[in-house]
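*Asks:* Sharing a structure with you now.
The values are calculated or read from the model by the stated rules, or taken from the named source; none is laboratory data. What you are looking at is a predicted structure, and each value in this text was computed from that prediction instead of being measured. Counting neighbours? That spans all protein chains shown, and the Cβs are built from the backbone with ideal geometry, glycine included. Calculation scope for accessible area: heavy atoms of the full protein, side chains included, ligands and nucleic acids excluded. Shrake-Rupley method; radii C 1.70, N 1.55, O 1.52, S 1.80 Å.
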Amino acid sequence: MSVPSLPRAFRVAPPVERALSLHLPVVALESTVITHGLPQPQNLTLAYDMEAEVQNHGALPATVGVLRGQIIVGLSEAEIEELASAAQPRKISTRDFGPAIAQRASGGTTVAGTLLAAHRAGIRVFATGGIGGVHRWPPYDVSADLPALARYPLVVVCAGAKAILDLPATLEMLETLAVPVVGYQTDQFPAFYSRESGLTTPHRAESPQEVAAIAQAHWAQGLESAVLVVVPPPPEAALPREKVEAAIAEALRAAQAQGVRGQASTPFLLEQVSKLTHRASLKTNLALLKNNAAVAAQIARALSPMGRRYRQV
Ligand code: PSU
Ligand code: MN
């Protein structure tokens, strides 16, 4: 017996398709941050704010997500709202597309899931908050974001890896996977909420043009991995490392005590840290997401022929 055929499961919004065919700058945005990363209503506001940042810096945003079994690159405002208020949205990583499509589910795409969809659409630049990586506990929990970064050739702009992770192990794994980590106007690998982690980045760039040159030179060698651009959170929103570390230690204890594992782990830990810092970390999270969107738009422009801006027609 055969399974019933599925409707077209992959859709690129017409403006995104058009911009890409004209080599105009486009920036992909993830949506797990909307479905699992932020509380309502900040999640919806943030999604629109990130799109506005990209637009204000001369690029077209393309938020990626899955709605009723369809992968969409370039969600409309109404679709973003539907996703932000969906009853039990899935957290969709690379392994989760098949089940989500076949079961007509909705969900936010993680960094890994967004990389796959954005690459398939032909997008070269992607902005997010912080990537997943090697967890502190259990240490065998390694985010699918890492192999996806090894596999899809995009510039990924983030504030480092999520601070709840084992940052030294995550940096080592990025080296193993041939992903250059480029500090944006910094030598420090940022710790998501804090500007410094005590770890240095292997590379550094001062401008969007320099990042674009690095990415082009990287891909010209036949490498198909991502280029990870790490941007420290804006100084006025950054938190001191000691304060965050204390909250993370407590969040990890709570996770162990409650047996939180797997997919639930990252959202649980981030929510605990937010509570323990009296929502200071939430403010930082929002500020760095917007900042990363702005930097990503400038890099997308630098990568487009003659640094062209995207203009609505
Ligand atoms: N931001 C959040 N919470 C999250 C994520 C982002 O505040 O859960 C997502 C990101 O999309 C990232 C993913 O790709 O968490 C990593 O999850 P995991 O460690 O399960 O791979
Ligand atoms: Mn995991």
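*Asks:* Consider the stretch 192-213. How many of its residues are under 20 Å from Leu165 (Cβ atoms), open to solvent by 10 Å² or more (accessible area, probe 1.4 Å) and of a type in the set (A, V, I, L, M, F, W, C)?
*Replies:* Result for the stretch 192-213: 1.
*Asks:* What single numbered condition from (1) within 16 Å of ligand 1 (Cβ to nearest atom); (2) open to solvent by less than 10 Å² (accessible area, probe 1.4 Å) fails to hold for Val182?
*Replies:* (1)
*Asks:* So which of Ala112, Ala117 ends up being open to solvent by less than 10 Å² (accessible area, probe 1.4 Å), in contact (Cβ under 8 Å) with a residue 60 or more places away in the chain and either among the hydrophobic types (A, V, I, L, M, F, W, C) or farther than 30 Å from Pro15 by Cα (or both)?
*Replies:* Ala117
*Asks:* Whether any residue in the stretch 80-93 is touching a Ser or Thr at 6+ places or on another chain (Cβ under 9 Å), within 16 Å of ligand 2 (Cβ to nearest atom) and open to solvent by less than 30 Å² (accessible area, probe 1.4 Å) is what I want to check.
*Replies:* Within the stretch 80-93 (the criterion being touching a Ser or Thr at 6+ places or on another chain (Cβ under 9 Å), within 16 Å of ligand 2 (Cβ to nearest atom) and open to solvent by less than 30 Å² (accessible area, probe 1.4 Å)), the answer is yes, since at least one residue qualifies.
*Asks:* For the stretch 95-109, which residues satisfy the criterion of being surrounded by fewer than 19 Cβ atoms within 10 Å (Cβ to Cβ) and under 26 Å from Val229 (Cα atoms)?
*Replies:* Arg95
*Asks:* Determine if the stretch 55-68 includes at least one residue that is farther than 28 Å from Gln298 by Cβ and more than 16 Å from the chain's Cα centre (by Cα).
*Replies:* The answer is yes, given that some residue of the stretch 55-68 is farther than 28 Å from Gln298 by Cβ and more than 16 Å from the chain's Cα centre (by Cα).
*Asks:* Of the conditions (1) within 11 Å of ligand 1 (Cβ to nearest atom); (2) in a loop (DSSP other than H, G, I, E, B), Pro138 fails just one. Which one is it?
*Replies:* So the condition that Pro138 fails would be (1).
*Asks:* With Leu171, Leu149 as the choices, which residue is open to solvent by 10 Å² or more (accessible area, probe 1.4 Å), outside any strand (DSSP E or B) and closer than 25 Å to Gly37 by Cα?
*Replies:* Leu171
*Asks:* Another question about this same structure. From the list Lys283, Lys275, which one is charged (D, E, K, R), within 21 Å of the chain's Cα centre (by Cα), outside any loop (DSSP other than H, G, I, E, B) and within 14 Å of ligand 1 (Cβ to nearest atom)?
*Replies:* Residue meeting the stated conditions: Lys283.
*Asks:* Sticking with this structure for a sec: Return the total of residues in the stretch 155-168 being away from ligand 2 (no atom under 12 Å from the Cβ), crowded, with 22+ Cβ neighbours inside 10 Å and part of a loop (DSSP other than H, G, I, E, B).
*Replies:* 3
Yes/no per residue for (1) among the aromatic types (Phe, Trp, Tyr); (2) crowded, with 23+ Cβ neighbours inside 10 Å; (3) over 23 Å from the mean Cα position of the chain (by Cα):
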residue: Gly222; (1), (2), (3): no, no, yes
residue: Pro234; (1), (2), (3): no, no, no
residue: Gly262; (1), (2), (3): no, no, no
residue: Thr266; (1), (2), (3): no, yes, no
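*Asks:* Now for a separate question. What are the pairs with Cβ atoms under 9 angstrom where one residue, in the stretch 208-232, is within 16 Å of Leu146 (Cα to Cα) and the other, located anywhere, is at pLDDT 95 or above and open to solvent by 60 Å² or more (accessible area, probe 1.4 Å)? Sequence gap at least six, or different chains.
*Replies:* Here the result reads Glu224/Arg151; Ser225/Arg151; Ala226/Arg151, each pair linking the stretch 208-232 to a residue that is at pLDDT 95 or above and open to solvent by 60 Å² or more (accessible area, probe 1.4 Å).
*Asks:* Out of everything in the stretch 121-146 that is farther than 14 Å from Val111 by Cα and within 9 Å of ligand 2 (Cβ to nearest atom), what residue ends up being surrounded by the most Cβ atoms within 10 Å (Cβ to Cβ)?
*Replies:* His135
*Asks:* Any residue that is at positive phi, over 15 Å from the mean Cα position of the chain (by Cα), more than 16 Å from ligand 1 (Cβ to nearest atom) and of a type outside the set (A, V, I, L, M, F, W, C) - is there at least one of those in the stretch 83-101?
*Replies:* For the stretch 83-101, residues at positive phi, over 15 Å from the mean Cα position of the chain (by Cα), more than 16 Å from ligand 1 (Cβ to nearest atom) and of a type outside the set (A, V, I, L, M, F, W, C): absent.
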